[in-house]
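The structure under discussion appears below in the form of structure tokens.
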Amino acid sequence: MSALPSIPRLTVETSSPSAATDSLVDRLVEERVASSLANQDPTLWGPRAQQEAARRLAWVALPLSSRPLLATVDALWSDLHSDGIDRVVLAGMGGSSLAPEVICATSGVPLTVLDTTDPGEVADALVGDLARTVLVVSSKSGSTVETDSHRRIFAAAFAEAGLDPAAHLVVVTDPGSPLQRIAEEQGYRAVITAEPNVGGRYSALTAFGLVPAGLARADIANLLDDAELQAPWLAADDPANPALRLAAALAVGHAAGAEKVVLADTGSGIVGFADWAEQLIAESTGKDGTGLLPVVVRNPAAPGFADAGPDATLVAIGPEESSAAAAVTVSGTLGGQLLLWEYAIAVVGRLLGINPFDQPDVEAAKVAARAQLDAAHKSAARPAPAFVEGDVAVYPVGDWLPAGVATLSDALQALITATPARGYLAVQAYLDRIADASAAVLRTELARRSKLQTTFGWGPRFLHSTGQYHKGGHQNGSFLQVTGAVGTDIPVPGTDFTLGDLQQAQALGDADVLAAHGRPVLRVHLLDRAAGLVALAHALGEL
């Protein structure tokens with residue numbers, strides 16, 4: 001196995017003393033919030049959240065309760081390895097994919113993650129040696145449409161290659177889910193059920209995080225050791241408790257108008273940690289018209305961090321000496337940081353007066369996507385673009401775009417202008433995050449030109465994280481949605497749609513939901529992906 005880094009103590013440091021933060025920490029200590037959380041007290045978030053919290057707090061015990069998984073994973077790996085199966089592909093969304101991706105990247109072991117509906121990206125995963133491939137199908141509900149589509153596509157591909165699909169399929173799901181029933185009926189290689197009293201975004205140390213990472217040969221025992229070492233410290237009613245200090249700093253910033261949390265890595269050694277934290281923060285807090293919007297940037301020199309305004313709290317993940325510009329610096333290794341942030345964000349929920357364990361607005365996008373698929377099968381006419389400029393067709397959603405706008409650059413400028421003061425922009429790229437990776441530069445350029453906090457998400461991946469905040473959090477966002485022409489599509493066996501159909505339906509459905517919330521949405525469709533991305537970057541350069 002590839003080992004994770006050695007285990008130092010977690011620290012949370014603020015750049016300057018804050019009487020408000022210290023006072024809030026003292027209050028949390030007096031109220032015994034940390035120990036109550038460690039004891040899984042569901043009353044911490046008030047009567048309205050108590051029923052949900054009562055079945056969502058088992059994550060605090062995972063450093064110990066997940067120990068039996070180590071032997072299960074080792075035995076399954078040996079069984080697979082004896083059959084020459086050593087390539088791990090993970091089909092999962094949100095919490096089912098983000099934690100294993102970070103664990104494996106930090107450990108330096110290969111894991112192919114499919115949290116996409118882009119036909120090109122899925123086709124690339126199918127090109128690998130299928131005889132050596134195990135597909136880990138990971139879904140808490142057992143009915144996630146993206147994950148079920150991947151399962152169907154890979155099962156058909158295994159069969160077409162002359163392989164027994166069941167021998168190459170492993171399922172991770174909650175007990176009693178539809179996916180468990182399918183797997184058992186069809187005799188899949190293994191079915192591993194996860195702790196049901198843990199929500200998806202808190203599931204990093206459950207089977208959802210540990211099984212795919214362990215099969216890829218990350219050192220998941222060391223990960224649990226790390227978390228177990230830090231757990232008593234995080235449960236302590238002590239002013240130095242790093243989870244209480246982080247929660248208080250974020251809540252004090254929010255009270256002062258800093259509703260965005262800008263995350264930059266400053267040499268932590270943890271690869272992609274902010275992408276995992278993004279879901280935890282956004283989906284836990286973005287509801288009831290409030291919350292914290294995570295903004296992930298590549299480094300402290302990036303726009304949004306280096307030039308942040310008063311609407312943002314800057315958080316550095318890494319050594320304190322490397323992050324002087326940050327308001328808060330969080331350091332420590334991966335297992336401890338996972339648990340630290342889970343504690344801290346749960347406490348933030350208490351401080352903001354919201355339930356950190358539900359996600360009331362996520363379902364709306366799923367329903368709208370299904371409606372778009374149904375409309376497509378009925379050959380319902382879709383709106384024509386407002387205009388086409390070269391390789392880019394422009395579709396404003398709603399009636400926010402001023403009359404007479406006829407260039408891509410002017411449409412982008414109009415989107416910025418439509419964003420409220422101290423609002424935010426969100427770039428949503430329904431593209432191939434490998435082949436179309438250059439799309440990520442759109443965040444940098446849009447943030448630099450607009451001087452607004454700007455997020456970037458790959459669709460539909462972001463629907464399972466920041467998508468909750470977009471609909472349930474502060475209603476001051478504007479949205480640039482980027483879709484692209486599909487070359488070779490992939491039918492989803494046993495359904496009436498292709499991956500390309502599903503990808504488009506997810507984009508159009510979410511745009512409809514955002515527009516119904518009164519938010520400006522500009523969809524730009526790349527008729528040629530490579531040329532269209534160049535044109536889009538050029539239009540941003542003209543702002």
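What follows is calculated from the coordinates using simple rules that are stated; it is not laboratory data. Please read these numbers as outputs of a predicted model, since none were measured by experiment. As a convention, Cβ positions derive from the backbone with ideal geometry for all residues, glycine included, and neighbour counts pool all protein chains shown.
Specify whether the C-alpha gyration tensor of the stretch 62-223 places it in the rounded, prolate or oblate class, a ≥ b ≥ c being the square roots of the eigenvalues: rounded for a/c under 1.5, otherwise prolate if a/b is larger than b/c and oblate if not.
Working: a/c = 1.38, a/b = 1.27, b/c = 1.08.
Rounded is the answer for the stretch 62-223, as its axis ratio a/c remains below 1.5.
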Counting Lys and Arg as +1 and Asp and Glu as -1, each charge on the Cβ, what is the dipole of the stretch 362-541 about the Cα centre in debye, to the nearest 20? 620
When we measure straight from the Cα of K366, which aspartates and glutamates land under 18 angstrom away, once same-chain ones fewer than 8 places off are left out? D115, D118, E146, D148, E283, D358, D374, D496, D501, D510, D512
Show me, for the stretch 194-205, the HN-Hα J-couplings you get by feeding each phi into the Karplus relation (A = 6.51, B = -1.76, C = 1.60, θ = phi - 60°), rounded to Hz, glycine and proline as x. 9, 4, x, 8, 9, x, x, 6, 9, 9, 4, 9
For the charge dipole of the chain, defined by +1 on Lys and Arg C-beta atoms and -1 on Asp and Glu C-beta atoms about the Cα centroid, which residue among L431, Y343, L412 has the Cα displaced farthest towards the positive pole? L412
Positive-end extreme of charge dipole, the chain - chosen from L179, G484, V88 (charges on Cβ): G484
Cross-link pairs K140/K451; K140/K471; K140/K260; K140/K378 - those with Cα-Cα distance over 27 Å: K140/K451; K140/K260; K140/K378
Given the Cα-Cα distance of D307 and R132 and 0.36 nm per residue of separation, how much length would full extension add, in nm? 58.2 nm
What's the local net charge at D174, with K and R +1, D and E -1, over the other residues with C-beta under 15 Å away? +2
Charges at C-beta only: +1 for Lys and Arg, -1 for Asp and Glu. How large is the resulting dipole of the chain about its Cα centre, in Debye rounded to 20? 720
Given 0.36 nm per residue, what is the gain on full extension from D79 to E52 after removing their alpha carbon distance, in nm? 5.9 nm
Give, in nm to one decimal, the length gained when the segment between A371 and D489 is fully stretched (0.36 nm per residue of separation minus the Cα-Cα distance). 40.4 nm
Phi-based couplings in Hz for the stretch 242-254 (Karplus 6.51, -1.76, 1.60; Gly and Pro marked x): x, 5, 5, 5, 5, 4, 5, 4, 5, 5, 5, x, 4
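Taking the convex hull of the alpha carbon atoms in the chain, what volume per residue do you get, in Å³?
Measuring per residue, one finds 132 Å³ for the Cα hull of the chain.
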Within the chain, the percent of DSSP beta bridges that are antiparallel, given to the nearest 5, stands at 20
Which distance in Å, rounded to a whole number, links the C-alpha centroids of the stretch 182-216 and the stretch 266-314? 28
